[in-house]
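**Student:** For reference, the structure I am asking about is given below.
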Amino acid sequence: MQLDFVPVEEFYFALTLAVKTLEDIDRPGLAETVGNRLKEKFGQSSTVAAAKQNNFNYVFRIQGIDNTPANQLVISLSDWQGKLRFSSDYGWTLDVNRHPVRTEKFDQRPEFCQKLKFYFQDLLQVPIIQE
């Protein structure tokens, strides 16, 4: 898996209506710790939050994982009301009217989310997955 960070200047063009929540992790301090590590590694988040319930949203294009029929794969790590939120368009695509529709990969979203959690746990050296 290869991450390409999407800076704030490109955010609008990267995120699609097909990006949906994979999982919210509600563990005290986790979102703040992950947000701090993401900031150290990538700088300013992909969006500038204007509300108390959301402080950061780091968006990445992912290379090396098949998301056909979509032509790209996008993930988002954000905090939402104190929870760490993983979101992605994995298993979704946009139809000709730009409405999100499920693909054959939709049922694989939980496994994909697990891979993301392991990846970011290793990358950020933060215990995201609890035994």
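**Student:** With among the acidic types (Asp, Glu), under 27 Å from Asp107 (Cβ atoms), touching a strand residue (DSSP E or B) at 6+ places or on another chain (Cβ under 6 Å) and at pLDDT 90 or above as the only criterion, which of Asp24, Asp66 stands out? Give the steps one after another, and end with the answer.
**Tutor:** Working: Asp66 fails: touching a strand residue (DSSP E or B) at 6+ places or on another chain (Cβ under 6 Å).
Going through Asp24, Asp66 in turn, just one is among the acidic types (Asp, Glu), under 27 Å from Asp107 (Cβ atoms), touching a strand residue (DSSP E or B) at 6+ places or on another chain (Cβ under 6 Å) and at pLDDT 90 or above: Asp24.
**Student:** Here are some conditions: (1) farther than 22 Å from Gln121 by Cα; (2) without any contact (Cβ under 8 Å) to a residue 24 or more places away in the chain; (3) touching a strand residue (DSSP E or B) at 6+ places or on another chain (Cβ under 9 Å). Val96 meets all but one. Which one does it not meet?
**Tutor:** (3)
The values are calculated or read from the model by the stated rules, or taken from the named source; none is laboratory data. Predicted model, so just to flag it, every value in this text is computed and none were measured. Backbone-built Cβ (ideal geometry, glycine too); neighbour counts: all protein chains shown.
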